[in-house]
Amino acid sequence: MSEDVALSTSIEGVTNTIQDTLLDIWSNFISHTPYLVGAILVLIFTWGITKIIGKLGHRIFSKSKIRQSLQELILRLIIIAIWIFGFLLAAMIVFPGLTPAKALGGLGLVSVAVGFAFKDIFENFFAGILLLWRYPFENGDYIQCEDVEGRIERIEIRMTLIRKTSGELVVVPNSFLFKNPVNVLTDQKKRRITITTGVGYSEDIEKSVEVITQAVKNCKTVDQQNPIQIFPQAFGASSIDIEVTWWTESKPVDLKRSRAEVVTAIKKALDEAGIEIPYPYRTLTFNEPLEITHSDNG
């Protein structure tokens, strides 16, 4: 009987302890509710400030001569700094004994731990900052990096959105663009194109060059401000190879359009001038003479 009483007393003591603990937690939560509400209000206020600064910043920068990538970088760094300040202020409200020095110290330790845990994310973050700062390309530029080619739609802090010429959207980590060679196809307004054509060995080379030159000059997509260069290049297997070089707009579709126009114009001009564009010739040599037989059908 005494054992049952002792067990009942023990259970009652544990229950009372749990109740007291829960009541203490609840009372502490209630007492800290104003601080939590204050911290939430600070975060909401911080969010509102970042939205206002973002809109005002774009309006202010739209009238300045600062390049777009640097504008984006400045605004994003300002917004990040405001968020950090807002989180620190909210933490100090929730924990009244927290000082700025302690908060920054704790933030440093947390940053180290988070940095190791999210190494790739921070790598892309800093790569994005460097891309925006060094501005190798802007929104709207066409680039080629490894097997990715397309138009830059938006450079974000951690990733870059690239729209391929076939329509697909490629999301590329910024570290990929930062570590690999990038061809900025639209860095200049004009691009040079080179193709090779050929004329028969029996044709007049100087006349052929004049005909090709005139044909290229008459093309609308060819930039007349830059030189058109036509050079006989090599003795081909079936023809004299002639290198044709000109300048046109730098977008991929402009390159294709100009190449198509020039090839069509050269073919038409050579045909009208009676200049042969030869097919590949093949000469067959046999070790022994071939016997020729005549069939008599009649």
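Got at least one residue in region 165-179 being of a type in the set (Gly, Ala, Ser) and closer than 23 Å to Lys251 by Cα? Yes, region 165-179 contains at least one residue that is of a type in the set (Gly, Ala, Ser) and closer than 23 Å to Lys251 by Cα. When restricted to residues that are under 10 Å from the mean Cα position of the chain (by Cα) and among the β-branched types (Val, Ile, Thr), region 156-171 contains 4. If the condition is being closer than 11 Å to Ile195 by Cα and of a type in the set (Asp, Glu), then region 240-273 contributes Asp241, Glu243. Residues in region 157-178 that are surrounded by fewer than 16 Cβ atoms within 10 Å (Cβ to Cβ) and touching a residue at least 24 places away in the same chain (Cβ under 8 Å): Thr165 only. For region 132-155, residues that are touching a helix residue (DSSP H, G or I) at 6+ places or on another chain (Cβ under 7 Å) and either outside any strand (DSSP E or B) or modelled with pLDDT of 85 or more (or both) total 7.
The values are calculated or read from the model by the stated rules, or taken from the named source; none is laboratory data. All values derive from a computational prediction rather than experimental measurement. As a convention, Cβ positions derive from the backbone with ideal geometry for all residues, glycine included, and neighbour counts pool all protein chains shown.
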